[in-house]
Amino acid sequence: MSVLLDPFAVAFVQRALLGGALVAVVCAVVGTWVVLRGMAFLGEAMAHGMLPGIAIATLTGFPPVAGAAVSAAVMSVGVGALQRRGRLSADTSIGLLFVASLSLGVIVISASRSFATDASAILFGDILAIERGDLVLLALAAVVTLLVAAAGHRSFVALAVDPRQAQLLGLRPRLAHILLVGLVTLAVVSAYQAVGSLLVVGMLLGPAVAAGAWTRRIVPTMALAALIGTAAVAVGLVLSWHLGTAAGATVAFTAICSGAVSTGIRVRPTRPALDERTA
């Protein structure tokens, strides 16, 4: 037991565990909808699309989280604009902006000769560097996520089952989609500090996939995903402590492994329909 508990006697590991748990809650709620609606590519694009904003904010002395939020917001607005005006499919719009944002971020980083350490933190995160102020922001992100998810739950379910039926029922599926994209943006921005822009999708998808293998209903899936995500954070921190590996990457890898293990040992004869995943 001492081997497992020794790392958590240190203050910065305790903050990392608490911050990671808050990230797990946010990613569990949002990740469940991402998996149900097949929005994984959007989440990946959002995570990589933050790179130019973070790089510019770091170079100009602004908080990196602010730059990440602005860049992700521009990405989400750009995807919507391209789909409406350019008549492009969702994956084409996301792909174009994904490559453009990632390229711009690399250009900004390469233009600065003193960016090596900052670039590593941007790409792979630094969960052990979470401070009290970061915990406050993560707690606010978790509260906002839970409130929006609860308020829009019926609309999100209808959107996932049949957008046309949702429109007939007056549930405003377009607004529901915008809110979901906003939640994805909030999730990737809040998880950026913990696991970085390259690994954020691991926390977003891994626990949700793992939980989805054990329950057929949305709310229980979210709750179980939060527990699995928190466990992945704890296990990842312990492994990182004893193996001397990067903490954020180890946490993200553990989260992905949870999904792989759960899917491997829990085999279902058929995949549940979306309309069965109700609260």
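The values are calculated or read from the model by the stated rules, or taken from the named source; none is laboratory data. Fair warning: this is a prediction, and the values are worked out from it, not measured in the lab. Positions of Cβ are generated from backbone atoms using ideal geometry, with glycine treated the same way; all protein chains shown enter the neighbour counts. What goes into the accessible areas is simple: the full protein's heavy atoms, side chains included, and nothing from ligands, DNA or RNA. Shrake-Rupley method; radii C 1.70, N 1.55, O 1.52, S 1.80 Å.
Do we have any residue at all in segment 196-204 that's assigned to a helix (DSSP H, G or I), open to solvent by 20 Å² or more (accessible area, probe 1.4 Å) and closer than 24 Å to I130 by Cα? Yes, segment 196-204 has at least one match. Quick one: would you say F62 is aromatic (F, W, Y), under 25 Å from V148 (Cα atoms) and at pLDDT below 90? The answer is no for F62.
The set of residues from segment 238-257 being in a helix (DSSP H, G or I) and under 18 Å from V201 (Cα atoms) comprises A247, G248, A249, T250, V251, A252, F253, T254, A255, I256, C257. Condition first: of a type in the set (D, E, K, R) and under 20 Å from V25 (Cβ atoms). Can you find one or more residues in segment 132-151 that meet it? Yes. Of all the criteria given as (1) surrounded by fewer than 20 Cβ atoms within 10 Å (Cβ to Cβ); (2) in contact with a Leu (Cβ under 9 Å, 6 or more places away or on another chain), the one not satisfied by A68 is (1).
Scanning segment 124-161 for residues that are free of Cβ contacts under 8 Å to residues at least 40 places away in the same chain and either more than 24 Å from L51 (Cβ to Cβ) or over 18 Å from the mean Cα position of the chain (by Cα) (or both) turns up G133, V136, V143, L147, V148, A150, A151, G152, R154, S155, A158. Residues of segment 9-64 that are free of Cβ contacts under 8 Å to residues at least 40 places away in the same chain and among the aromatic types (F, W, Y): F62 alone. Residues that are among the polar types (S, T, N, Q) and more than 11 Å from the chain's Cα centre (by Cα): does segment 26-43 have at least one? No, there is no match, as no residue in segment 26-43 is among the polar types (S, T, N, Q) and more than 11 Å from the chain's Cα centre (by Cα).
Right, V70: within 18 Å of the chain's Cα centre (by Cα) and without any contact (Cβ under 8 Å) to a residue 60 or more places away in the chain or not? It is true that V70 is within 18 Å of the chain's Cα centre (by Cα) and without any contact (Cβ under 8 Å) to a residue 60 or more places away in the chain.
Here V25 qualifies as part of a helix (DSSP H, G or I), open to solvent by 10 Å² or more (accessible area, probe 1.4 Å) and modelled with pLDDT of 85 or more.
Of the set (1) buried (at least 16 other Cβ atoms within 10 Å of the Cβ); (2) within 17 Å of A187 (Cβ to Cβ); (3) among the hydrophobic types (A, V, I, L, M, F, W, C), all apply to F41 but (1). Check segment 88-106 and report whether any residue there is over 19 Å from E44 (Cβ atoms) and either at pLDDT below 80 or assigned to a helix (DSSP H, G or I) (or both). No, segment 88-106 contains no residue that is over 19 Å from E44 (Cβ atoms) and either at pLDDT below 80 or assigned to a helix (DSSP H, G or I) (or both).
Of the helices (runs of 4 or more DSSP H) contained entirely in segment 131-184, those carrying at least 2 residues that are at pLDDT 85 or above, open to solvent by 20 Å² or more (accessible area, probe 1.4 Å) and not basic (K, R) fall at 132-151, 153-161. The set of residues in segment 216-235 that are assigned to a helix (DSSP H, G or I) and either of a type in the set (D, E, K, R) or within 15 Å of A129 (Cα to Cα) (or both) contains only V233.
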